[in-house]
Amino acid sequence: MIAFDRVGVRYEDAAEPVLRDVSFDVAEGDLCLVVGSTGSGKSTLLRCINGLVPHFTGGTLSGEVTVSGRSTRTHHPRDLADLVGYVGQNPLEGFVTESVEDELAYGMESLGISPPTMRRRLEETLDLLGIAELRGRPLATLSGGQQQRVAIGSVLTAHPRVLVLDEPTSALDPQGAEDVLSAVRRLVDDLGLTVVLAEHRLERVAQFADRVVVVPGGGRPVAAGDPPAMLATSPVAPPVVELGRLAGWSPPPLSVRDARRRSGDLRRRLASLPGPAYDGHPAAGATADATGVDVVPGEVLATTRDLVVGYGPVRALRGVSFAVARGEAVALMGRNGAGKSTLLKALVGLAAPESGRVDVQGLSPVRTRPSVLVHAAGMVPQDPGDILYGDSVAGECAQADRDAGAAAGRCRDLLARLAPDLALAPDRHPTDLSEGQRLALAICVVLTAAPRLLLLDEPTRGLDYAAKRRLAEIVRGLLAKGHAIVVATHDVELVAELATRVVMLADGEVVAEGPTPEVVVSSPAFAPQVAKILAPQPWLTVSAVAAALGGGGPS
Amino acid sequence: MRPANRPRFPRTLHPGAWWLWAIGLAAGATRTTNPVILLLLVAVAGFVVVTRRSRAPWGRAYGAFLRLGLVIIAIRIVLQALLSSESQGVHVIVDLPQLPLPAWLAGLKLGGLVTWEAVLTAFAAGLQLAAIICCVGTANALASAQRLLRCVPAALYEAGVAVVVAMTFAPQLVADAARVRAASRLRGYDRAGFAVLRHTARPVLEGALNRSVTLAAAMDARGYGRTAVSSRRVRAASSTLVLGGLLGVCIGVYGLLDADAGGWLGLPLLGAGAGLAIGGLVAGGRRTGRTSYRPDLWALPEWLVAASGLGCAAALVVLARVDPAASAPPYPVQLPQVPLLALLGPLLGLLPAVVAPPPADRVAPAPLATPRFRDGRYAASSIAAREGSSIAGVTEGGHGQCADPAVPGRRRLGRRTGVPERR
């Protein structure tokens, strides 16, 4: 169906080609998963399939990509619109019209499909993706998962035979991601559609893939093959595969079910070892009830009491009492719109409380001047680019020093410690950095003012496993120095990796709270893969298991 | 009769019809300064909006335009009564202390006599402008501007898409700017001074650029521009024809509406312009192979609504010719005359409240929440809603027998009837 024949891509101003000598085929009806770390060229590979590379993005394409016999050499993206449906990362940015029905019809109108056929196809597509009840809604009012399904529907109405999805779930909460992926699976199973999918959170999709293409980046060769074989050696792999590697299962399992079946031995071995050490956290078991200040061991850095925050008629927070103490990493979890970001914003004065109290080291955030508050609490927003204004990494650091009134070179030193590779490239432009590097730079800029409380809003968007691991290391280093971290996230694997305490929000209220192992292991929806495999033993991460096995010796 | 021709059949009226009607009302308002007629026009526009707007976000636009109108009237009165030294009449309201102004400001005064004549003239002139703005506001509230752009002829398709994209872009840019400015607090910037603006402009503009590139890629990938087949020359010719024609139409309309310009350039230019534009549209329309999904219908109600607007304009134009004293009362210190003919215009404009179909989303019941079957009440009511009134009666009877203590209404009823008997 799709054939890459010795394909290479080089952009004009780049020293190295993005892709070099890529050859593989995707058979009709396959679900093909493209994996690779951030910035390795996954998106470029996907955009080659419908000709956006090189017709739209510029650059030079060598070799040849053919889709169902049509070469992208001679066919523009618009000439392939009836054959390849392409959906980008952020669906809202690709919408042309303003309502769901019009958006679904747009592609068909461009192709000149007759009105009766259009009506019929539109109804079929609405049912296929389960979005019939949304048909008259304005696109801007939909949730992320709904928007992504509408975006998929809007290319499906042209009846393409190939669907290309570039990280369709990266901005979604677990439920939205589940809706989108189950819709994609149905398209593969029922319609025999060929789907090519790039995804960072492999744990969500690895078990459904028929074929995996590994894009290692850095000019190393792209390889394609069977999922177990490819993932066994891939530089990025979901926790279940890593656990398989650790336990020496070959080929590695791809689903929790597989791993659970084969984990009998491992569980017996682990049961005889001392459990994972989660008691080292100073604030384990902390609660935030009315007298939260006394219960939490360690100095409390921020509290809210009965906090209510509203936007217009909506109450984003409905009476939240919360406390965070030194040395704690608190994860705020919950679906989109549960109030996670609002709670963070209230702590730095970006959201004004309607009633209740916010106290950050004796300051009231909304009444405190930002230049004073940044020394008490710092926040990295969802898009780190929002607070990066400089032309280069070095310029950004110098500006951060001046803004914070810190000694010159402080930000650069932080960068050298937290992200050594960035400190070595001071001339790079912030927009040219990868997601992970931009996050690291933004964290350093915020930390330059030496706030004791650091807030991170959805830091894992677009981060691969390696970048997440680095983030976890950074956070652990800061905790040891006496900082406190509050992180709003959907990513259970990240929570397992770094959080000491979890606060679960729903509809603006705290619904569950406690040490990470307790909250996360007991919940079927929020348990990380390792916990699901090794339950009821409270192991959360592969590294914890590895440490225990290494320390316990071979048995 | 086709359902689309029935005025009671719920559907969305063609946006073009609403705009024609609103323009008719606005044109009528330009022909009169009689405050009674103008107030009637504003009331008519408001009434039609209230009865025929949909639940969509733009349905609330009318209020904003109404407020804008009030502001205009206030400004007009302040300027005319306090600042202008033109003939002010004899009925003095108040004598304010007058500030001496230099000779080169001879046309102005500050303070001094404020007369009823000045205030009322200013009120009437401001009201006229406010009424025109309200009429435009009606069109905005009743018809989505984007839907109107969907109806642009194929020859102008590219321009229409550009406008639609720009219209969705602007609000996003504003939202982006607000977000980035808020984020500047996180860098410790106290105020939104020039330095902050310089810093924050970059992420905003970068975001906008990235988005436009993404949008262009998405449109290309979905076949935009795929079916344009004709040569560059044909395209240029048709565009010139259309634009020239539209220019002619504009000048023609101006000639018709502005009494001073004289009628000689009105009708002929309008006709010639319309001819050119239609020719261009037909020539250009042949070249695209696009089809249109559920194009808006133009049926009987659309004709009636458009005719109502044009009728209103015509009635007021006739009034201006036949009875200038009623159309533009010269002595504003008395209650203006309102002959029967003057009422005809606003009355004609009221027609859409009856002949325009109600929008579908106001007729249909509000979407029911997913019925919850935890307690019997939800189940019964949702079944009743689905199966019609006869069953609704039965379930209601059933409720009485259940005597569900959890129903607060029923408990209150029992208490109210029970208490007096005990006394």
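Below are the figures for this structure:
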| quantity | calculated |
| --- | --- |
| Alpha carbon centroid spacing (whole Å) that separates the range A:501-530 from the range A:295-344 | 14 Å |
| Given charges at beta-carbon only (K, R positive; D, E negative), |dipole| of the protein assembly as shown in Debye | 1640 debye |
| GluC sites (Glu not before Pro) lying in DSSP loop within the range A:1-90, provided at most 11 other Cβ fall within 10 Å | A:E12 |
| Rounded to 5, the percent of DSSP beta bridges in chain A classed as antiparallel | 55 percent |
| Partner chain coverage, peptide A:75-81 - average Cβ within 10 angstrom | 5 |
| DSSP-defined beta bridges in the protein assembly as shown - what % are antiparallel, rounded to 5 | 55 percent |
| Trypsin sites (Lys or Arg not before Pro) restricted to the range A:435-509 and DSSP loop, no more than 15 other C-beta within 10 Å | A:K481 |
| Calculated FRET efficiency for the pair A:E16/A:A535, C-beta based, R₀ 45 Å, to 0.05 | 0.50 |
| Contour minus Cα-Cα distance for A:R357 and A:R260 (0.36 nm per residue) | 30.3 nm |
| Average beta-carbon neighbours from other chains, 10 Å sphere, peptide A:425-434 | 1 |
| Charge dipole of the range A:372-530 about the Cα centre (unit charges at C-beta), most positive-ward option of A:L414, A:S522, A:V511 | A:L414 |
| Rg(Cα) / (2.2 N^0.38 Å) computed for the range A:110-255, rounded to two decimals | 1.21 |
| For the range A:73-169: relative contact order, % (alpha-carbon pairs under 8 angstrom, 6 or more apart) | 52 percent |
| Linear extension gain, B:A325 paired with B:R60, 0.36 nm per residue minus alpha-carbon span | 91.7 nm |
| Exercise: per-residue mean of other protein chain Cβ atoms within 10 Å, A:376-386 | 4 |
| P(r) histogram, all alpha-carbon pairs of chain A included - 20 Å bins from 0, percent | 20, 51, 28, 1 |
| Under the Debye formula (equal points on every Cα, no solvent term), log10 I(q)/I(0) of the protein assembly as shown at q = 0.04 Å⁻¹ | -0.27 |
| For peptides B:154-162, B:94-102, sequence by mean Cβ density within 10 Å, most packed first | B:154-162, B:94-102 |
| Hits among aspartates and glutamates - C-alpha to C-alpha of A:K532 under 18 Å, sequence gap 8 or more where chains match | A:E178, A:E203, A:E242, A:D258, A:D265, A:D491, A:E493, A:E497, A:E518 |
| All Cα pairs of the range B:88-159, percent lying beyond 19 Å | 64 percent |
| D_trans [Stokes-Einstein, Kirkwood Rh over alpha-carbon pairs] for the range B:47-178, 20 °C, 1.002 mPa s, µm² s⁻¹ | 117 µm²/s |
| Pairwise FRET efficiency - B:V174 versus B:F47, Cβ, R0 = 30 Å, nearest 0.05 | 0.40 |
| Cα pair distances exceeding 16 angstrom across the range A:426-500, given as percent | 48 percent |
| Label-point gap, in nm, between A:T74 and A:D391 - each point 7 angstrom along Cα→Cβ | 4.7 nm |
| Helix A:393-404 axis, angle to chain A major axis (alpha carbon atoms, nearest 10°) | 30 degrees |
| Cα-based convex hull volume of the range A:41-169 per residue, rounded to whole Å³ | 104 Å³ |
| Whole-Å distance, taken between Cα centres, linking the range A:355-382 and the range A:101-141 | 47 Å |
| Pairwise label distance in nanometres, B:R2 with B:A125, each label 7 Å out on the Cα-Cβ vector | 4.9 nm |
| Sequence-distant residues sharing a close amide H with A:V374 (under 5 Å, placed H) | none |
| Selection from A:H200, B:L142, A:S250, by position along the positive dipole direction of the protein assembly as shown (Cβ) | B:L142 |
| Selection from A:L455, A:A183, A:A352 lying farthest towards where the dipole of chain A points positive, charges on Cβ | A:L455 |
| Proximal charge balance of A:D21 [Cβ under 14 Å; K/R count +1, D/E count -1] | +1 |
| Angle in degrees between helix A:542-552 and the longest Cα principal axis of chain A, rounded to the nearest 10 | 60 degrees |
| Considering only the range A:437-519, percent of DSSP beta bridges that pair antiparallel, nearest 5 | 55 percent |
| Rounded Å value of the spacing that divides the Cα centres of the range A:1-63 and the range B:119-163 | 48 Å |
| Extension gain from A:N336 to A:Q207, taking 0.36 nm per residue of separation minus the Cα-Cα distance | 43.9 nm |
| Cβ-based net charge around A:R135, under 14 Å, with every Lys or Arg adding one and every Asp or Glu removing one | -4 |
| Taking the range A:105-235 and dividing mean pair separation by its residue count, relative contact order in percent (alpha carbons under 8 Å, at least six apart) | 19 percent |
| Computed label-point distance, nm, for sites A:L424 and B:V92 using a 7 Å Cα→Cβ extension | 8.9 nm |
| Estimated FRET transfer efficiency when R0 is 35 angstrom, pair B:L70-B:V165 (beta carbons, to 0.05) | 0.55 |
| Charge sum, other residues only, whose C-beta stays under 11 Å from A:G112's C-beta, Lys/Arg counted +1 and Asp/Glu -1 | 0 |
| Surface/4 of the Cα convex hull for the range B:1-106, nm² | 11.1 nm² |
| Spatially proximal lysines relative to A:K481 (Cα-Cα < 29 Å; intrachain offsets below 8 disregarded) | A:K340, A:K345, A:K468 |
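Rule-based calculations on the coordinates, nothing more; no lab input. Since the model is a prediction, treat every value here as computed from it, not as a measurement. Note that we place each Cβ from the backbone using ideal geometry, even for glycine, and neighbour counts take in every protein chain shown.
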